[in-house]
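For reference, the structure discussed in these notes is given below.
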Amino acid sequence: MNLQEFNTAPAGQLRPLLAACCGVPRWVDRVLAGRPYADADALAAVADRAVRDLEDGEVAMALAAHPRIGDRASGESTEAGWSRSEQSGVGDDPAIRAALAAGNREYEQRFGRVFLICATGLSATEMLTALNRRLTNDDSTEAAVVQEELRKITLLRLTKLLTAEVPA
């Protein structure tokens, strides 16, 4: 899908694709309301501002759509496909997968939410290192890190949407 197709597609067609980028209805509505966009940078700027403005409950809603690092997303949805691709660096090493699973459990007990990281381009070791480092964060620091990781994932997925990595 290119920008012109994005600008002219029916909102009903775009809504599920945008929700795969960030599963928060208010974010989707803000991005749709900004159409037509003059260029991809204008779209990214609106999407960026909208994700930065998410409230804690909306961040929690967005996180609910993300699998744990190391878990393979199932299904044929756009979001599941993107997640499998983004987590491709996890690999199949049983020791790393076990360490990630243990770290995920500890993180969820500590912070009450799934560990979120923009995994694209990261190795399993880098993800595990980040997970262990973030377990030392206080609650407010970690909330800010989560929102930044969500922002990076959202903008990455929006770029995928505009570069034909999903059906138009």
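Numbers for the structure displayed
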quantity	calculated
Matching option when the condition is in a helix (DSSP H, G or I), within 19 Å of residue 149 (Cβ to Cβ) and in contact with a helix residue (DSSP H, G or I) (Cβ under 9 Å, 6 or more places away or on another chain), among 60, 44	44
Some residue of the stretch 109-117 being closer than 22 Å to residue 131 by Cβ, in a helix (DSSP H, G or I) and either hydrophobic (A, V, I, L, M, F, W, C) or at pLDDT below 95 (or both)	yes
Close pairs (7 angstrom Cβ cut-off, 6 or more residues apart or separate chains): touching a residue at least 24 places away in the same chain (Cβ under 8 Å) in the stretch 139-156, part of a helix (DSSP H, G or I) and exposed (fewer than 14 other Cβ atoms within 10 Å of the Cβ) anywhere	151/52
Cross-chain or 6+ apart pairs with Cβ under 9 Å, the stretch 1-24 first and closer than 15 Å to residue 38 by Cα and surrounded by fewer than 19 Cβ atoms within 10 Å (Cβ to Cβ), then modelled with pLDDT of 95 or more and acidic (Asp, Glu)	3/39
Members of the stretch 32-41 found to be under 20 Å from residue 15 (Cβ atoms) and either part of a helix (DSSP H, G or I) or among the hydrophobic types (A, V, I, L, M, F, W, C) (or both), listed by number	32, 33, 40
Condition met for residue 124 (surrounded by 14 or more Cβ atoms within 10 Å (Cβ to Cβ), of a type in the set (Gly, Ala, Ser) and touching a residue at least 60 places away in the same chain (Cβ under 8 Å))	no
Residues of the stretch 83-96 classified as modelled with pLDDT under 60, in a helix (DSSP H, G or I) and either of a type in the set (Lys, Arg) or surrounded by 15 or more Cβ atoms within 10 Å (Cβ to Cβ) (or both), total	5
Exclusive hit being at negative phi, out of contact with any Phe, Trp or Tyr (no Cβ under 9 Å at 6 or more places or on another chain) and modelled with pLDDT of 75 or more, set 62, 80, 50, 99	99
Matching residues in the stretch 134-166 - criterion: being out of contact with any Lys or Arg (no Cβ under 7 Å at 6 or more places or on another chain), among the basic types (Lys, Arg) and closer than 19 Å to residue 24 by Cα	152, 157, 160
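The values are calculated or read from the model by the stated rules, or taken from the named source; none is laboratory data. This one's a predicted model, so the numbers in the text were calculated from it and none came from an experiment. Reconstructed Cβ throughout: ideal geometry from the backbone, glycine too, with neighbour counts over all protein chains shown.
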